[in-house]
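Shown next, in structure tokens, is the structure this report addresses.
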Amino acid sequence: MRVTVIGSVALDTVETPYGKREDVLGGSASYASLSASFFAPVNLISVVGTDFPKKYLAAFRKRDIDVTGVETKEGKTFRWKARYPADLSHAETLATGLNVFTDFKPSIPPNISSKDSLLLANIDPELQDRIFRSVKPEGIVACDTMNLWIEREKKALTRLLKKVDLFLLNDAEARQFSGEENLMDAARHIASKGARMVVIKKGEHGSLFFSGGVCFVVPAYPLQAVKDPTGAGDTFAGGMMGYLSRRSKITDRDLRRSLVYGSILASFAVERFSVDGLLKTSPEKVNDRYRHFRSLTKF
Ligand code: AMP
């Protein structure tokens, strides 16, 4: 089965204690698609401006990511500018330029099937919902978000929650959305709004999975060198959905494994700036880390 990914395709300017990169490939859908493509072919739906370098579209195509749904609109590509502190604990957003995303009305390419898995990567929840309604998905649907949309579009996000199977957000966002300090309480609150499964990502501290009464924890893959944490969450979501899209019936074991794969893909993403860590790795290296991960967590 294919994975349809909708979200931002961006040009990021990022500064970490290990360097600075200007106008490099970023965006929630870029990270998520590249990550999902390790497991399944991907259809990407997004929009870029006329300033978007063609080489980035070529990089997607090389990874079996169909970019028919990436519209090129007159204007500038979505821009995000951020800086990380010495401990890389969080991104300080310096500027967000929605640019061509303002008033973006995507048309769904005919090759998108309602049977595919759908990942609504981080972008305006109104847009996520519009895609949901157009695709009418029958497969698994996941939704990711960020603090900006919880602040500005909480109503739209809450409406969307009722429709999706899996809702992913980080710990700070889970607290912000729920008003609960404790993450178990936050997950319960979010689940009560409709999401069947909730994943709370905690950066270098791993992630928590909640569904009904079940809770499951996955550590982050331990790394010696993290250069740029941008896109870790999107990569995690893409890896999870890519892995799940290969299953006809999703079992508890599949869900657990999908979180481990999400964690491993994210570990490659943060080792280099932009999407370079994902472009430089291979399925063999992913599987090596998967085996190592198993030995690290077995007791
Ligand atoms: P993360 O590190 O998982 O928070 O994701 C960072 C990526 O999200 C960057 O590559 C940005 O281009 C993208 N991004 C930042 N702000 C937004 C936003 N408001 N909507 C969609 N994508 C965004």
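The values are calculated or read from the model by the stated rules, or taken from the named source; none is laboratory data. Everything numeric in this text was worked out from a predicted model, so none of it was measured. Backbone-built Cβ (ideal geometry, glycine too); neighbour counts: all protein chains shown. All accessible areas refer to the heavy atoms of the entire protein, side chains included, with ligands and DNA or RNA removed. Shrake-Rupley method; radii C 1.70, N 1.55, O 1.52, S 1.80 Å.
Descriptive notes on the structure:
- Residue tally, condition out of contact with any Leu (no Cβ under 8 Å at 6 or more places or on another chain), open to solvent by less than 50 Å² (accessible area, probe 1.4 Å) and part of a loop (DSSP other than H, G, I, E, B), over the stretch 35-52: 4
- Restricting the first member to the stretch 98-115 and to residues that are more than 16 Å from the ligand (Cβ to nearest atom) and modelled with pLDDT of 90 or more, and the second to residues that are part of a loop (DSSP other than H, G, I, E, B) and open to solvent by less than 50 Å² (accessible area, probe 1.4 Å), the beta-carbon pairs closer than 6 Å and six or more apart or on different chains are S114/P137; K115/G139.
- Positions within the stretch 242-260 being closer than 23 Å to V217 by Cβ and open to solvent by 70 Å² or more (accessible area, probe 1.4 Å), in sequence order: R247, D252, R253, R256
- For the stretch 55-82, residues that are assigned to a strand (DSSP E or B) and in contact with a strand residue (DSSP E or B) (Cβ under 6 Å, 6 or more places away or on another chain) total 13.
- Taking first residues from the stretch 1-20 that are within 26 Å of T102 (Cβ to Cβ) and partners that are hydroxyl-bearing (S, T, Y), the Cβ contacts under 6 Å between residues at least 6 apart in sequence or on separate chains come to V5/S33; G7/S28; S8/S28; V9/S30; V9/S46; L11/T77; V14/T230.
- Odd one out for S89 among (1) touching a strand residue (DSSP E or B) at 6+ places or on another chain (Cβ under 9 Å); (2) within 16 Å of the ligand (Cβ to nearest atom); (3) open to solvent by 50 Å² or more (accessible area, probe 1.4 Å); (4) on the phi < 0 side of the Ramachandran plot: (1)
- Residue that is farthest from the chain's Cα centre (by Cα), among those in the stretch 261-285 that are under 21 Å from V214 (Cβ atoms) and open to solvent by less than 20 Å² (accessible area, probe 1.4 Å): S263
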